[in-house]
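Everything below concerns the one structure shown next.
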Amino acid sequence: MMKLLRVDKEPTYQCALQEMSTADFFEQLSPDGDVVVQVDYSTVNYKDGLAITGTSPVVRKPSLVPGIDLAGKVVSSASTKFKAGDEVLLNGWGVGETHSGGLAQMARVHSDWLQLRPTAISAKQSMAIGTAGYTAMLCVQALQRGGVEPGSGEILVTGATGGVGSIATLLLSDMGYSVVAVTGKASEHGYLKNLGAQEVMDRCLLNEPGKALQKERWAGVVDAVGSHTLANTCASLRYGGIVAACGLAQGLDFPASVAPFILRGITLCGIDSVKAPMAKRESAWLALAQHLNLDKLDSLTTEVGLAGALQVGVDLMAGNITGRVVVDVNA
Ligand code: NDP
């Protein structure tokens, strides 16, 4: 028998803790894949909050296990790429959306989606990083590729107390960048300063419609928020600056002007973690192993069991979570 969270879309959308036999799980919820993984940890990302609560149609099967991330050990493999005992992790590729995901004690997945976990990072820490942290690193690497260096000027991080924002703030600060963190949580300024932010800004200064061109300030931006916030950050990028846009916590819209693009030569760089090619993932995880302060990562991480993940999904959607939550699927 195994424990799992299960989303059923009919007759009414629900996500609940269940126990079922592994054989039934493979037959009913995870019929394909060439590697079986015993899951140690998963996590709750923004997308998992959407799946757990049914807030947005991210689950595209009638029934499945949510969880876009997992870390664990290979139990059996029909692929030559992995063998029993390998310590692996998985981010995205549609697990938790079109294929059963990480919020279960077992997973059957495709070998092309798996990667070996860097030895410097524990299974639990890899899920404290999760898609949120790996996306934060993709954003940092996009800024680096565009020539943004620690001496280039201030970097703005939006949605800063969230998963992507917290890890982006921590990473950039430790890499020597001067970070201005944007948050709507007045109570969390100390948390962001502790992660290394030089300054904390209230999100109300950025989330309303603004002028097409504003005072130039940012050398780079990591934006997890979208909508007017993204438009305003584009309008206030310095000449040649870059925004790495990965999220939509404020909205999917982008009510912006072309003015900063054609007058200041700014770059808007879209970041996708789900289908990023393996080479990009491996480079991001290598850089995480090199640059992420794991003690500070531990300090921004809380842990729950499978049942607790249900409430975390609700709290995340209400904007009431700071930092990262890992799920011990065996607790
Ligand atoms: P979290 O829920 O952990 O964090 C989102 C943060 O955004 C919140 O903590 C809050 O930070 C801020 N926020 C929430 N609502 C609003 C609002 N209405 N206006 C402005 N800010 C708001 O989510 P994640 O960090 O995991 O993900 C952030 C975004 O990035 C999501 O939209 C997610 O879908 C996306 N994402 C995209 C990926 C990709 O591949 N492109 C991968 C991973 C995530 P605060 O209170 O500090 O302001």
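The values are calculated or read from the model by the stated rules, or taken from the named source; none is laboratory data. These figures come from a predicted structure and were not determined experimentally. All Cβ positions, even for glycine, are placed from backbone atoms using ideal geometry, and neighbour counts span all protein chains on display. These accessible areas exclude ligands, DNA and RNA; they are computed on the full protein's heavy atoms, side chains included. Shrake-Rupley method; radii C 1.70, N 1.55, O 1.52, S 1.80 Å.
Here are a few things to note about the model shown:
- With all protein chains kept in place, the per residue accessible area of segment 131-270 amounts to 39 square angstrom at a probe of 1.4 angstrom.
- For segment 1-118, the per residue solvent-accessible surface stands at 40 Å², with DNA, RNA and ligands left out and a 1.4 Å probe.
- FRET efficiency estimate (nearest 0.05) - Cβ-Cβ, residue 211 to residue 1, R0 41 angstrom: 0.10
- Screening the chain for whole DSSP H helices of 24 Å or more along their axis (Cα) with average Kyte-Doolittle hydropathy at least -0.5 returns 123-145.
- Calculated [θ] (222 nm, deg cm²/dmol) that DSSP helices of n ≥ 4 give over the chain, each run adding -39,500 (n - 2.57): -9000 deg cm²/dmol
- FRET efficiency, 1/(1 + (r/R0)^6) with R0 41 Å, evaluated for residue 280 and residue 23 via beta carbons: 0.65
- Across the chain, the relative contact order, built from alpha-carbon pairs under 8 Å that are at least six residues apart, equals 19 percent.
- Here the calculated FRET efficiency for residue 110 and residue 254, from their Cβ-Cβ distance with R0 = 45 Å, stands at 0.85, rounded to the nearest 0.05.
- The apolar share of the surface of segment 49-124, taken as the fraction of accessible area on carbon and sulfur atoms (1.4 Å probe, ligands and nucleic acids excluded), comes to 56 percent.
- Equivalent ellipsoid of segment 131-270: semi-axes from √(5λ) of the C-alpha gyration tensor, largest first, are 20, 17, 13 Å.
- With semi-axes defined as the square roots of five times the eigenvalues of the C-alpha gyration tensor, the equivalent ellipsoid of the chain measures 35, 20, 18 Å, largest first.
- A cut-off under 13 angstrom between Cβ atoms defines the neighbours of residue 31, and their net charge, with Lys, Arg +1 and Asp, Glu -1, is -2.
- What separates the Cα centres of segment 272-331 and segment 147-225 is a distance of 19 Å.
- Peptide packing for 57-67, 310-320 was compared via the average number of neighbouring C-beta atoms within 10 Å per residue; ordered from the highest value, the list is 57-67, 310-320.
- Note on segment 131-270: with neighbouring protein chains present and a 1.4 Å probe, carbon and sulfur make up 52 percent of its accessible heavy-atom surface.
- Residues of segment 137-178 with amide N under 12 Å of the 7 Å Cα→Cβ point at residue 202: none
- Cα-based Rg and Dmax for segment 218-331, where Dmax is the largest Cα-Cα distance (Å): 17.6, 55
- Karplus-derived HN-Hα couplings along segment 266-273 (A = 6.51, B = -1.76, C = 1.60, θ = phi - 60°), whole Hz, x at Gly and Pro: 6, 10, 9, 10, x, 10, 10, 9
- Sorting 324, 6 by accessible area puts them as 6, 324; the probe is 1.4 Å, largest comes first, and only protein heavy atoms count.
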